[in-house]
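Asker: Attaching a single structure in structure tokens format; questions to follow.
The values are calculated or read from the model by the stated rules, or taken from the named source; none is laboratory data. Given the structure is predicted, the values throughout are model-derived calculations rather than measurements. Reconstructed Cβ throughout: ideal geometry from the backbone, glycine too, with neighbour counts over all protein chains shown.
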Amino acid sequence: MQYYALVAQEGTGKVLVFKKRTHGYFFNKGASGVIISEGGAIKAESGAGQWVFPGGGQEKEDSSAVAGAIREFWEETGFQLKEKDAFNNVKSKKYKNYDATIFTLVEKEFNAVYQHALQSLAAAKNVVAAIEHRTITQYGQIQQQFPTSPGSNELEEVRIFDLANTEDKMTLAAIWTATNKLDWYLEMAENYAGKF
């Protein structure tokens, strides 16, 4: 199974969309992690270089789709979503093993997640520089030196897109229909857009 998290501002079309890196330098692997000093390529079908929602493969500790989405969002952004904010679960009609949880937050909480993501991804850029300069050589050093960094280095940027805004919707639709398997993100977005 693949679990994804779509974070939305309650009662609006606003969602957090993240730009996926083309190469990652550190990744959370359960209780520990791994550093790839030269940067490991992220697959195109995973959204490398494109705007996406955080997500990834199921792990043993995932007791549900919601739990998997919360874990994936935490690994990639450093922010712990709450199960109580899970608004809806979406199963892909096209991809059998794809599942998304939509989390709706009031404006203040939505903005707090956005600000946290900005800071977290900025810290991750500093971690990458430290890995490239060999001042960080072990995964455990990341949280010691950059405590606001996420556990995995898959995302590089965050932006608020408004699915009620035609231009934003068309921009995302063009990205997500141009590459194989990214139409899953469009399926998630359309599902949410139809609910507010």
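Asker: Only one of 15, 34 is over 15 Å from the mean Cα position of the chain (by Cα) and among the hydrophobic types (A, V, I, L, M, F, W, C). Can you tell me which?
Answerer: 34
Asker: Go over the candidates 59, 72, 38 one by one and state the one that is modelled with pLDDT of 90 or more, out of contact with any Gly (no Cβ under 6 Å at 6 or more places or on another chain) and of a type outside the set (Lys, Arg).
Answerer: So the residue among 59, 72, 38 that is modelled with pLDDT of 90 or more, out of contact with any Gly (no Cβ under 6 Å at 6 or more places or on another chain) and of a type outside the set (Lys, Arg) is 38.
Asker: Moving on to the next point. When the residues of segment 78-116 are filtered to those that are out of contact with any Ser or Thr (no Cβ under 7 Å at 6 or more places or on another chain) and hydroxyl-bearing (Ser, Thr, Tyr), which remaining residue is farthest from residue 16 (Cα to Cα)?
Answerer: Restricting to residues being out of contact with any Ser or Thr (no Cβ under 7 Å at 6 or more places or on another chain) and hydroxyl-bearing (Ser, Thr, Tyr), the top hit is 95.
Asker: State which residue pairs qualify: first residue at positive phi and inside segment 40-51, second residue surrounded by 17 or more Cβ atoms within 10 Å (Cβ to Cβ) and of a type outside the set (Lys, Arg) in any location, beta carbons under 7 Å apart, and separation of 6 or more residues or different chains.
Answerer: 47/182
Asker: Starting from segment 134-146, keep only residues that are within 14 Å of residue 32 (Cβ to Cβ), then list their pairs with residues that are basic (Lys, Arg) whose Cβ atoms are within a distance under 9 Å, requiring at least 6 positions of separation or different chains.
Answerer: 139/29
Asker: Taking segment 75-119 as the search range and keeping residues that are in contact with a Pro (Cβ under 8 Å, 6 or more places away or on another chain) and not charged (D, E, K, R), which one is farthest from residue 181 (Cα to Cα)?
Answerer: 78
Asker: Related question: Could you check segment 161-178 and list, in sequence order, the residues that are surrounded by fewer than 15 Cβ atoms within 10 Å (Cβ to Cβ) and under 18 Å from residue 20 (Cβ atoms)?
Answerer: Hits for segment 161-178 are 171, 174, 177, 178.
Asker: Something else: Can you name every one of the strands (runs of 3 or more DSSP E) wholly within segment 4-94 that holds 3 or more residues which are surrounded by 14 or more Cβ atoms within 10 Å (Cβ to Cβ)? Full working, then the answer.
Answerer: On the way: elements: 14-20, 23-29, 32-41, 55-57, 86-91.
Hits in segment 4-94: 14-20, 23-29, 32-41, 86-91.
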